[in-house]
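Here the structure comes first, spelled out in C-alpha cells, and everything after it is commentary.
Where a number appears in this text, it was derived from the coordinates with a stated rule and is not lab data. Just so we're clear, the structure is a prediction, and the values are computed from it rather than from any experiment. Cβ sites come from the backbone with ideal geometry, for glycine too, and all protein chains shown count toward neighbours.
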Amino acid sequence: MDWTALWLSVRLASATSAALLVGGVPLAYWIVFSPRRWKYVVEAIVALPLVLPPTVLGFYVLIAIGPLSPIGRAYARVAGHGLPFTFEGLLIASMLYSLPFAVQPFSAEFAAVDRRLLEASWSLGVSRAETFRRIVLPLSVRGLVTGIVLSFAHTLGEFGVVLMVGGNLPGVTRTVSISIYDAVQSLDYALASRTSLVLLVVSFAILTAVYALQRSVWIKPRL
Amino acid sequence: MDQAAAVTLHVRLERRFSGGFLLSASLDADLRGGAMLVLFGPSGAGKTTILRQIAGLERPDTGVVRFGDEVWCETTRSVWQPPQSRGAAIVFQEPTLFPHLTVRDNIRYGIRHAVSIQDQIQDQIQDRILDRSRIAVAEIATMLGVAGLENRYPRALSGGEAQRVELARALATRPRLLLLDEPFAALDAPTRVRLRRDVRSLLQTTGTPAILVTHDRTEALAMGDLIAVVIDGRIRQVGAVADVFTRPHDAGVAAALGVEAVLPGRVVAVGGGLVEIAVGDIVLHAAERESIAAGADVYACIRAEDVTIETRSPGQASTRNHLAARVVAIATEGPVDRVTLDCGVALDALITRRSREEMQLSAGAQVTAAVKATAIHVVPRA
C-alpha cells in the first residue's frame with residue numbers, strides 16, 4: 001500500500017476542491033446572473049475538460065506554466081523554481097481538469113433559485129452581492145456540497161493530466177493512480193490491487209453520498 | 001412623512017415586446033398622505049409590467065419615472081436607479097418569503113438597510129441595529145396580526161399568514177412607496193377582505209403611498225383612492241376612483257370598469273335587513289348582505305339595467321327607492337335606450353324603446369327613478 005501516494009492525492013484533491021469553491025462560486029455566479037450575451041462561450045470553456053483528453057489538457061497546461069511562457073517565467077522569478085513537476089503546478093492543472101465538476105453543480109443550483117426571491121430582496125434595498133450571500137448561497141448548499149465532493153473525487157482519480165504536468169516524483173507528484181500504474185508496470189499486482197480497492201471503495205462512497213444528497217436524504221430541499 | 005407635501009409619481013414609459021405588444025404608459029398621480037393608486041384592467045393589459053418598471057425590475061425602451069423630486073429612470077439622460085435605491089418594496093401575488101429564514105428573520109431582512117449609513121459606521125452599531133430591529137419586528141408583526149408566528153418557517157404558514165408576513169417584511173423597511181402586485185388574489189374570500197382592511201388602515205396610519213395592481217373591481221373600489229385604467233398596454237384614464245367609475249372617458253374604459261353607477265356615500269343607519277346610505281342629498285336603501293356599521297364609507301353600485309323609470313306616483317310596491325329625477329339625455333344603445341337621469345346624483349337607466357315611447361320620455365321630463373334595495377351593491381371602503 002503506497003500511503004505516501006494516497007496522502008498526496010488526498011491533499012491535492014482537498015486543495016483543488018477548496019480552490020474551486022473559492023474560484024468557482026464567482027464564476028458560476030457570473031455565468032448565471034451576467035446579462036452578457038457571449039457568456040455561452042465561457043460556459044463552453046468551463047465544460048471543455050469533460051470532453052478533452054487529459055493528455056491534451058495536460059500538454060497545454062505544461063506549455064502554459066513552463067519556462068517558455070510568461071506565466072511560468074513570472075512564477076519562477078517569484079518562487080525561485082518553475083511550476084512543472086511541482087505540487088503547485090499539479091494544483092493548477094487539477095483545478096482546470098475538475099472545473100466543470102464544481103462550476104456546473106454550482107450554477108445549476110444558483111439558476112434554480114426563484115428569481116422573485118431575488119427581486120423581493122432587491123426591492124427591500126439589499127444589494128445584489130448581499131442578496132447572493134444571504135439568499136442564493138444558503139439555498140444552494142446542496143449544489144455547493146455536490147460540486148465540492150465531485151471535484152474532490154474527480155481529482156482523486158486523475159491520471160493523464162498528472163502524468164503530463166507532474167511527472168512521477170514520490171511524495172511530490174506521484175499520486176495514487178500513478179502509483180497503481182507503476183505497480184502494474186513492475187508486475188506487483190498485489191500492491192496494485194490493494195491500492196485499487198481503496199480507490200474503488202472511496203469513489204463509490206463519495207458518489208453514494210452525492211446521490212443521497214441529490215435525493216435530499218440529509219439536506220431538506222427548498223420549498 | 002409631511003402630510004401636506006405633494007408626493008407625485010410621474011411615469012412616461014414605452015416598451016415594445018418581441019411579440020409586438022407595445023406598452024405605452026403615461027401617468028401622473030399625487031400620492032400624498034398614504035394614498036393608494038390602483039392599476040386596474042383586464043389580465044394581460046400590462047399592469048404588472050408597469051409596476052415592475054416603477055420598481056426598477058425592468059427597464060423601458062424609452063421613458064421617465066420620477067417619484068417626488070427623485071428621478072428613478074430617464075432614458076434620454078441615461079439615468080437609472082436600481083431597485084435597491086428606490087425604496088419601493090414590492091409584494092407579489094404568490095408569497096416570496098425566504099424559505100430558509102424564520103418569520104422573524106424574514107421581517108427584519110431589509111431593516112438594517114433602512115438605518116442610515118451614518119448610524120451604521122458608529123460603534124456598537126450591531127447592538128443598536130439588532131435592538132432596533134427587534135422592536136420594529138415586534139411592532140410590525142403585531143400590526144399585521146402575525147405576532148406569535150416569529151419562530152416559524154414559511155412552509156409552516158397558511159397562505160394568508162404568509163402574505164401578512166410578506167407585507168410586514170416590506171413595511172418593516174419603511175418603504176417610500178409600497179408596490180402590491182395582486183397580493184390578495186390567491187387568498188380565500190374572508191381572509192382577503194380582512195387583509196384588505198388591515199393593509200389599508202396600516203398604510204394610512206404610516207402615511208405610506210402605495211400602488212396596487214388588480215383586475216378585481218371590488219378590490220379597486222375597496223382599496224383605491226386613485227385609479228388608472230390599463231387597457232392593451234395603455235393607461236386610458238387616471239383619476240379619483242368614484243370619478244373614473246362614474247365618468248369613464250370612453251366606451252373601452254366603461255367596458256373595463258363594468259357599466260355601473262358608483263356612488264360614494266356613507267352609511268347613516270342599519271336595521272331591518274336594510275342599510276341606509278346618504279349619497280349627496282339623497283338617501284338610498286340597500287339590502288344588507290354583509291355586516292356594515294353605521295358611519296362606514298361605502299360605494300353604492302347600481303347597474304343601469306336595475307333602474308326603472310316611472311312617470312306617475314306608483315301604488316304600494318316592493319321597490320324601496322323612489323327618487324325624483326329629471327331626464328338629462330336619451331341615447332339609443334342597440335335595442336334599448338339609455339336614459340341619463342339627474343336625481344341629485346347621476347344615474348343611468350336602461351329601458352326598452354317601447355317603454356320609452358309609451359311614456360313619451362324626452363329630455364327635461366320629470367320622472368321617478370326606482371331601484372330595488374336588492375339591486376344596490378354596497379362595497380365598503382376597506
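Here the calculated FRET efficiency for A:Ala79 and B:Arg59, from their Cβ-Cβ distance with R0 = 41 Å, stands at 0.25, rounded to the nearest 0.05.
The value of relative contact order for segment B:8-113, using C-alpha pairs under 8 Å at least six residues apart, is 22 percent. Relative to the longest principal Cα axis of chain B, at what angle does helix B:125-143 sit, 0 to 90 degrees, rounded to 10? Taking the Cα atoms of chain B, the angle to B:125-143 is about 20 degrees.
Inter-label distance, B:Glu357 to A:Ser193: 11.1 nm, where each label sits 7 Å from its Cα along the C-beta direction. Using the Cβ-Cβ distance between A:Val42 and B:Ala296 with R0 set to 41 Å, the FRET efficiency works out to roughly 0.10.
Looking at segment B:225-306, what % of the alpha carbon pairs are farther apart than 14 Å? Display every interim value, and only then the final one.
On the way: 2145 of 3321 pairs.
In whole percent, the share of Cα-Cα pairs in segment B:225-306 beyond 14 Å is 65.
Label-to-label distance, A:Tyr181 versus B:Thr206, with points set 7 angstrom from Cα along the beta-carbon direction: 6.5 nm.
About its Cα centre, the protein assembly as shown has a charge dipole of approximately 940 debye under the convention of +1 per Lys or Arg Cβ and -1 per Asp or Glu Cβ, with nothing else charged. Computed from the C-beta positions of B:Asp243 and B:Thr8, the FRET efficiency with R₀ = 25 Å rounds to 0.85. Extending 7 Å from the Cα toward the beta-carbon at both B:Arg194 and B:Ala255 defines two label points whose distance is 4.0 nm. What separates the Cα centres of segment B:167-212 and segment B:359-382 is a distance of 34 Å. The ranking of B:Cys301, B:Cys73 from fewest to most other beta carbons within 10 Å of each one's beta carbon is B:Cys301, B:Cys73. Residue order for A:Trp3, A:Trp122, fewest other beta carbons within 10 angstrom first, comes to A:Trp3, A:Trp122.
Per residue, the convex hull spanned by the Cα atoms of segment B:8-258 measures out at 138 cubic angstrom.
Eigen-decomposition of the gyration tensor built on the alpha-carbon atoms of the protein assembly as shown gives equivalent ellipsoid semi-axes of 70, 24, 23 angstrom, largest listed first. A straight chain from A:Glu130 to A:Phe159 at 0.36 nm per residue would run longer than the Cα-Cα distance by 6.5 nm.
Counting only DSSP beta bridges with both residues in segment B:8-258, what percent are antiparallel, rounded to the nearest 5?
Around 60 percent of the beta bridges assigned by DSSP in segment B:8-258 are antiparallel ones.
Neighbour counts of other Cβ atoms within 10 Å put B:Thr214, B:Thr340, A:Thr208 in the fewest-to-most order A:Thr208, B:Thr340, B:Thr214. For segment A:139-197 and segment A:20-56, what is the centre-to-centre distance using only Cα atoms, to the nearest Å? Using only Cα atoms to place each centre, the spacing works out to 24 Å. Across peptide B:87-97, the mean count of Cβ atoms from other chains lying within 10 Å of each residue's own Cβ comes to 4. Rg over Rh for segment B:149-220 works out to 0.95, both radii taken from alpha-carbon positions and Rh defined as the Kirkwood radius.
Dividing the Cα radius of gyration by the Kirkwood radius, what Rg/Rh value follows for chain A?
For chain A, the value is 1.03.
Span-like helices, chain A: DSSP H, alpha-carbon axial extent 15 Å or more, mean Kyte-Doolittle 0.0 or greater, which ones? Once both thresholds are applied, what remains is A:3-33, A:39-51, A:54-65, A:87-111, A:141-156, A:189-214.
Helix B:189-206 and the long axis of chain B differ in direction by around 70°, with both axes built from C-alpha atoms.
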